[in-house]
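Just so it is clear, none of the values below were taken in a lab; they were calculated from the coordinates. Just so we're clear, the structure is a prediction, and the values are computed from it rather than from any experiment. A quick note on method: Cβ atoms are made from the backbone with ideal geometry, for glycine too, and the neighbour counts reach across all protein chains shown.
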Amino acid sequence: METVGETGTTRALERGAGHTTVFLLLDGSRTSAAAMPVAHALAQASGVALHVVHAGDRPEPPLELLQKLGLSGRALGHVVVDELIGEPIAAILEHVGATPGAVIVQTVCGEKRAATGRAGHVTRAVLSAAPCPVILVRPGTVASGWSMRRVLLPHDGSAQTAAALTPAVELAQRAQAELLVLHVATLAGEPGLPVPCYLDQPQHEWPEWSREFMERMDLFCLLPQQLRPRLFLSHGDPGAEILRFAAERRVDLIGLGWSGALVGTHGEVVKELLDRAPCPVLFSRIEHGLASAAKGTQVLPSWR
Amino acid sequence: MAGHAGPQQLLKLARPFRVVAFDWDGTAVGDRYEDATAVGQRLERLMSLGVAVVVLTGGDLERPLRQLAPLVQGRHNQQLFIAANRGSEIFGFDGGPVPIPLWRRVATAEEERQLTEAADALRDELQRRTGLPVAVIYDRLNRRKVDLIPEPEWADPPRSQTGELLTAVQQRLTRGGIDGGLPQVLSLARNLARAKGLADPRITTDGKHVEIGLTDKSDSIEWMFEHLCRERGIAPEDALIGGDEFGPIGGAEGNDSRMLTPHSTGAVFVSVGAEPGGVADGIIHLGGGPARFLELLGSLGDLHQVRLRAPAAALELPLAPVADAHWRICRPGLDPAREHEFESIFAIANGYLGARGSLDESELIASSPATLLAGIYDALPEASAVPELAVGPEWSRLLLASDGQPFAAEGPAVLEHLRTLDLAQGALFREWRHRDRDGRITFLRAVRLASLADRHLLLQSLLIVPENYSGTLSLEAIVEPARLMVNGMPVPRPRMIPAYDAAAAERRDPSVLVYRVPGSGTSVALACQSRLHGPQGELPATRVDRAEGVLRERWELEVRLGERYRFDKLAAFYSTRESRHPVPESCTRVESLRLQGTDGVARRHGAAWRERWAATDITVEGDEEAQRALRFAAYHLISAANPEDERVSIGARTLSGRAYKGHVFWDTDTFILPMFSYTCPQAARSLLMYRFHTLPAAREKARGQGRQGALFAWESADTGVETTPRFMLAPDGEMLRILCGEQELHVSADVAYAAWQYWGATGDQRFMAEAGAELMLETARFWASRAEPGKDGRLHLRGVIGPDEYHETVDDNGYTNGMAQWNLEAGALAAKMMRERMPARWRELKAKLSLDEAEVESWLGAAPRLAPRIDPKTSLIEQYDGFFKLEDYDLSPLRKEGRRAAPLDLLLGRDKVQRSRIVKQADVVMLEALLWDRLPPEAREACFRYYEPRTCHGSSLSPAVHSWVAAKLGMMDVAESYFRQAARIDLSDEMGNAAGGVHAAAMGGLWQAAVFGFAGVHPRGDGLLLSPRLPSSWQAMRVPLQWRGARLMLTMTRRPGELSARVLEGGPVAIELEGVPRRQLECGQELRARREGEDRWSARR
């Protein structure tokens, strides 16, 4: 699949003014340390220290913990260890929830599930309850020295999804990564701006639609012009198409807006990415009450 | 009893609330027998001032309806809503006395059972505990009432005895051992209801009864905010909610406290009840009962009077919006994501120029304003660029500021916003309130129009009222070239750029700005005159800045609270397309209006629209959506055509947007033009003359393909040269060749058909002599040269694209062949007619075209050899050679999902679609629609039944044609469904389809579906055959038509099936119905008939 065209529907924005705190969640296993390159790169791009979070019944000496994880040398630079005591999920959520601008980075699974690569209950719990974006890394998909050069933003065209993609766009901007927007057209009715019902003359409709799609997206997640966001359109099963596209384009990060449910079309896509994503996936929650998004979608048409 | 409201709280009530909701019993009236005349009068006044009134009652509709009877008589009752049966029903009114159900909570059988079981259980439990009789009342909607004191003396206690009633009930319960009294009973009721399976039981009490229900007042209030307030853009703080029982009664929660809901946060609550238990914070306790409430309603009316109904001498806009909702398209609030659609939908135009419905004062982030002048094209510098409409200057920008604070176009500063497209008067109204950071509220009302009486003129008028302040207000009126950046990004589009003109530079009042279109060499002059008036008269501009193409006029004024200020601007555009001296002409035009002013311009514009509507307006009874859609369609089509300019046509998206680059397609000839042939022949003639003037380019295109005659461009701009882009980057990334410009030949026959149809409807011999015959002959000649003889003895049109563009480079497309055959025969007929009736002109034409009689004769020989073949067994016409051999594809799953239209070439892939019998749009069905009489009846039905299920309607042109043909076949449910689909193409969110402009062809198709389909108008010979069939939801329909210089009105009703055809002007007109002998109706005569069977009519006296 080739480029549809550069819509360039963006404006120069001052970004990055807000402080970001990158939390790397570790369960004490080497598997969980596989997310380190991602967390490290994000912290570096944001110019902040990386917080390594370990939660358990009893504290472990920070240095021992890091060494046990195989983290040493350069990896230890600019690292803060946050030891949390108590039930891990509750402790993590409480700790992260109290930090504005938080981003959680963790592997999809820990040691126990390393063989299957399937998400464990901690991952699912954090994903569904975290008050901030969560980046999940499947072990084996990133190498040390990972960097974000190309970010894929699957987008159903709705205002809410566009707004939810904001964290991914912000991180991409900090890393000066290329932005690839993918819309997978399906036969089912969808919210937002899916492919139009009528395409009288495609030579006119498609350029218009592409421009409209990107401009609507820009309204809610402020696409930085210098990243030259490009729109791609595909059809078929959304999950499979995202995976195919990400692999073909050698994408470094997928940013996904997610409703929080594992059912329906979105839920199926999430499950597929958890199981098969070839790169880290940033999940950010679709907030239906988001002021900016609501402005665009809450008012029903009324022709009275 | 007086309340305890403090001064700050009372101040909150001094606000012009836009909706008032209140409990009826106890708040508005003392009891059910009380005379409600006084409260009715005050409510009526409020409704006449635009305030919505929501009456809440625990009982059924009848009681408040009886007490409010005088209120529900007038048209103001459209503002009245009654929420009855304790939140289970909402009724509204449409001007008549009959309530219209708007919403109802329908209980399931399971819920009904649970309600009954819960009430019975409560009764049994209370009887068991107290030993006293307890009764259940079952016959209430969605609830059961348990009577705690079924004693004769307490059978119907008046409101004034509530205190005694509560004491009696309390004593009764205590005596029976229920020490917790009423609260305990309520708790018991709730638990029992849940135990019986009701997840969310609503337990309420009036002291005597405990009610177990599915709804309560909270449902009414939620409906009010979610529907009424949302649709009208009413913020919660503009809602006043009144009651008399917010505080606890007998220890139980007051009924009116249920009106405090999530959506009502911010609304102002007031209680006029005694409230012995006090009220919660935030509720203004006035006390004083219904008498106090009456006073409150009176004060509210006074406030509105001040705001909206100033004395007659006060400034008002030159035009007021039409009162009838069926003539309005409204959009409350702002919705940035869909702003581009609304800018198209609310566009104003007059065929010469058009302006999108963008916000004048806006820096709205999503806005894409454009002023377009018909026929002025330019191309971007890229080699592959094709001409497109050049965007003209923004003529109506405004900047406003109160005490130095610029007005915001969106966000919390915009308290309310409403856009109204007044279809009757062709005007765009806006009304909004702006609050600056310091709380200064300004009320603004604006109107914009493109004059239909004088097509060079645009008018803008703005009324400004400081609502709550006196201070400095600044207004800046700006004209400037179309922006290079929209939404902060560069927009590649041809635009008119500033030019220097010495004469223009010196002009003042009006100021003139000059622009040029680089590629075409066209110059455009824009003369502007702005005025600002306050209570004391005209206020001069404090500063005027001019630069090339830019004019900034600024006023700084000291405004006073409640006073009115009006800004008016007249703008006149002239270009070198139609004028040798656009600068003086534009100036003269504006200066000549000095005496009549904007009011006069608005009056003449309104009169011009009234005249057009008298000839065009189809009225429908029984289907509001259809009525509004037909008017919306006619509005945009009238706005798109310029009967005075035969060098321009109508682009696919009219002048409402830049999509399709202003290019002209077969859409104009086949879909749009028929409406004009029958309602404004001059406009139809101009559209055909555009084709006539572009004949040289059409001849050149035919020559380029090695053919003779005229092949019109698939996409055409000002010259008629082919402007279809040759390549497209497909959404899947593939670079595709666009073949329509080379292969979609049927456009030539479509032009000829439109000319013939126009001539048939108007009898315009001059047109036929000057242009029509040449169009007919040159297009016929093209087909004769394009058809290739085959071994089968037939002629073939190979390598074409029919209307179904999913299948390219096909042979013998049914539609193309059928239309070509018709074109050859009609060309020969035109020649015969010219030969016999206008021999001199015929000789001239023959000489001009180098045409001889033998060539004309050959067309008659060729025509039948091109005819689409009808299978004698199946009666089917194959869409093209080989179509029946393609794979079949079942579209029914899509339709089950409710998706009636879809671009399947994308969703399934082009290859799949090309291999399948999936039809993009009406193709053979289109042939049926146009050449109905030429197809045998069995073929019409068989083809429709075969192709309709295989059509995915990937084009907006398709649904209306299917409605039209289905109606002619008597398949009324199908026809109605497709009509509705066509009606919604622009008026519902069809995935951003309207962002680049409205769908003119679909609108023209809608008119044809109504007139040729439902009204059954069918030209036959020199008269009209009528065979009306109305959809099931339509009770009656009136269609004005023009036929050969006569004006007639067709009126038809569904039950009883009656029809009237009356000639209003001119005549005679021959009218024919099945079963009724053909009659020649003279002016003033009427033919009346009654339906006797499906297609049989009998004449009535």
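Go through B:167-175, B:716-724 and give me the packing order, highest mean Cβ count within 10 Å leading.
Numbers: B:167-175: 16.4, B:716-724: 22.8.
Those peptides, ordered most packed to least, come out B:716-724, B:167-175.
Taking Cα atoms, how many degrees apart are the long axis of helix B:597-616 and the longest axis of chain B, rounded to 10 and kept between 0 and 90?
70
Taking θ = phi - 60°, what integer Hz values does the Karplus form 6.51 cos²θ - 1.76 cosθ + 1.60 yield along segment B:559-569, in sequence order, with x for Gly and Pro?
With the stated coefficients, segment B:559-569 comes to 9, 10, 3, x, 7, 10, 10, 10, 9, 10, 9 Hz.
What full-extension length gain, to one decimal in nm, is calculated for B:D156 and B:D60 as 0.36 nm per residue of separation minus the Cα-Cα distance? Spell out each step's value before the answer.
Working: separation 96, 0.36 × 96 = 34.56 nm, distance 1.63 nm.
Stretched fully, the B:D156-B:D60 segment lengthens by 32.9 nm.
Based on C-alpha coordinates, I'd like the Rg and Dmax of segment B:591-660, in Å.
When restricted to Cα atoms, segment B:591-660 yields Rg and Dmax of 15.4, 48 Å.
Show me the ranking of peptides A:43-56, B:537-550 by mean Cβ neighbours inside 10 Å, starting with the highest. The partial results should precede the final answer.
Values: A:43-56: 20.0, B:537-550: 12.9.
Answer by packing, highest mean first, reads A:43-56, B:537-550.
Which ³J(HN,Hα) values, rounded to whole Hz and listed in residue order, are derived for segment B:770-784 from phi using the Karplus coefficients 6.51, -1.76 and 1.60 in 6.51 cos²θ - 1.76 cosθ + 1.60 with θ = phi - 60°, glycine and proline given as x?
7, 9, x, 4, 5, 4, 5, 6, 5, 6, 4, 4, 4, 5, 4
Restricting things to alpha carbons, find the Rg to Rh ratio for segment B:305-455 using the Kirkwood radius for Rh. Walk me through the numbers before you get to the answer.
Details: Rg = 17.4 Å, Rh = 17.2 Å.
Rg divided by Rh gives 1.01.
Starting from the coordinates of the alpha-carbon atoms of the protein assembly as shown, obtain the Kirkwood hydrodynamic radius over all distinct pairs and give the value in Å to one decimal. Numbers along the way, then the final one.
Values: mean 1/r = 0.0281 Å⁻¹.
It is 35.5 Å.
Taking the simple approach of a point 7 Å from Cα along Cα-to-Cβ for both B:R554 and B:E1082, what is their distance in nm?
Each label point lies 7 Å from its Cα, and together they span 7.1 nm.
For a quick protection proxy, order the peptides B:352-359, B:148-155, B:1027-1034 by their average other-Cβ count within 10 Å, most packed first.
On the way: B:352-359: 25.5, B:148-155: 15.2, B:1027-1034: 20.5.
Most protected by this proxy first, the peptides run B:352-359, B:1027-1034, B:148-155.
Search the structure for amide H atoms under 5 Å from the amide H of B:D645, placed 1.01 Å from N in the peptide plane, and list their residues when 5 or more places away or on another chain.
none
Subtract the Cα-Cα distance of A:H78 and A:E248 from 0.36 nm times their separation in residues, and report this length gain in nm to one decimal.
On the way: separation 170, 0.36 × 170 = 61.20 nm, distance 3.42 nm.
That works out to 57.8 nm of additional length.
Nearest 10 degrees, 0 to 90: what angle lies between the long axis of helix B:853-866 and the longest principal axis of chain B (Cα atoms)?
Result, in degrees: 50.
Excluding residues on the same chain fewer than 8 positions from B:K920, give the lysines whose Cα lies under 27 Å from its Cα.
Candidates past the 8-residue exclusion: B:K661, B:K701, B:K873, B:K885, B:K896, B:K912, B:K968.
Return P(r) of segment B:32-112 (all Cα-Cα pairs; 5 Å bins starting at 0; whole %; ordered from short to long distances).
3, 16, 26, 25, 16, 6, 4, 3, 1
Pop the C-beta distance of B:Q536 and B:A502 into the FRET formula with R0 = 41 Å and round what comes out to the nearest 0.05. Please list the in-between numbers first.
On the way: r = 38 Å, r/R0 = 0.93.
Efficiency, from the Cβ-Cβ distance: 0.60.
Say R0 is 45 Å: what FRET efficiency, to the nearest 0.05, do A:R228 and B:H326 get from their beta-carbon distance? Don't skip to the answer; put the middle values down first.
On the way: r = 48 Å, r/R0 = 1.08.
So the FRET efficiency works out to roughly 0.40.
Taking every residue in B:221-232, how many Cβ atoms of other protein chains lie within 10 Å of its Cβ, on average?
Details: counts 0, 0, 0, 0, 0, 1, 2, 0, 0, 4, 6, 2.
Averaged over the peptide's residues, the number is 1.
Which net charge results when you count Lys and Arg as +1 and Asp and Glu as -1 among the other residues whose beta-carbon is under 11 Å from that of B:I478? Walk me through the numbers on the way to the answer.
Details: positive: B:R397, B:R552, B:R554, B:K569; negative: B:D360, B:E361, B:E394, B:E476, B:E480, B:D545, B:E553.
Summing Lys and Arg as +1 and Asp and Glu as -1 gives -3.
On average, how many beta carbons from a partner chain sit within 10 Å of the beta carbon of a residue in B:332-341? Before the final figure, lay out each step's value.
On the way: counts 3, 4, 3, 8, 8, 17, 8, 4, 5, 2.
That works out to 6 on average.
Based on the Cβ-Cβ distance of B:S858 and B:S1033, what FRET efficiency does E = 1/(1 + (r/R0)^6) give at R0 = 45 Å, to the nearest 0.05? Don't skip to the end; give the middle numbers.
On the way: r = 51 Å, r/R0 = 1.14.
Computed FRET efficiency for B:S858 and B:S1033 comes out at 0.30.
Below 26 Å, Cα to Cα, which lysines can B:K569 reach? Residues fewer than 8 away in the same chain don't count.
Reachable lysines: none.
Which value, in Å to one decimal place, does the Kirkwood hydrodynamic radius take for segment B:249-293 when every pair of different Cα atoms is included?
11.3
How large is ³J(HN,Hα), in whole Hz, for each residue of segment B:49-54 in order, when computed from phi with the Karplus curve 6.51 cos²θ - 1.76 cosθ + 1.60 and θ = phi - 60°, using x for Gly and Pro?
8, x, 8, 7, 10, 10
Enumerate the amide H contacts of B:W103 below 5 Å, restricted to partners 5 or more residues apart or on another chain; note that Pro and chain-start residues carry no placed amide H.
Those lying under 5 Å, H to H, from B:W103 are B:I90.
Quick one: angle between helix B:814-837 and the longest Cα principal axis of chain B, in degrees between 0 and 90, rounded to 10, please.
Helix B:814-837 and the main axis of chain B meet at about 60 degrees.
For segment B:847-942, I need the span (max minus min coordinate) of the C-alpha atoms along each principal axis, in Å, sorted largest to smallest.
Projected onto its principal axes, the Cα set of segment B:847-942 covers 59, 32, 24 Å.
Show which lysines lie in cross-link reach of B:K196 when reach means a straight Cα distance below 18 angstrom and same-chain residues fewer than eight apart are skipped.
B:K145
Per residue of B:948-961, count partner chain C-beta atoms within 10 Å of its C-beta, then hand back the mean as an integer. Walk me through the numbers before you get to the answer.
Details: counts 0, 0, 0, 0, 1, 2, 7, 6, 5, 2, 2, 1, 0, 0.
The per-residue average across the peptide is 2.
Taking chain B on its own, what percent of its Cα-Cα pair distances exceed 59 Å? Don't skip to the answer; put the middle values down first.
On the way: 140922 of 605550 pairs.
Tail fraction, whole percent: 23.
Grab the Cα-Cα distance for B:L561 and B:R945, subtract it from 0.36 nm times how many residues apart they are, and report the gain in nm with one decimal.
Details: separation 384, 0.36 × 384 = 138.24 nm, distance 6.73 nm.
Length gained, B:L561 through B:R945: 131.5 nm.
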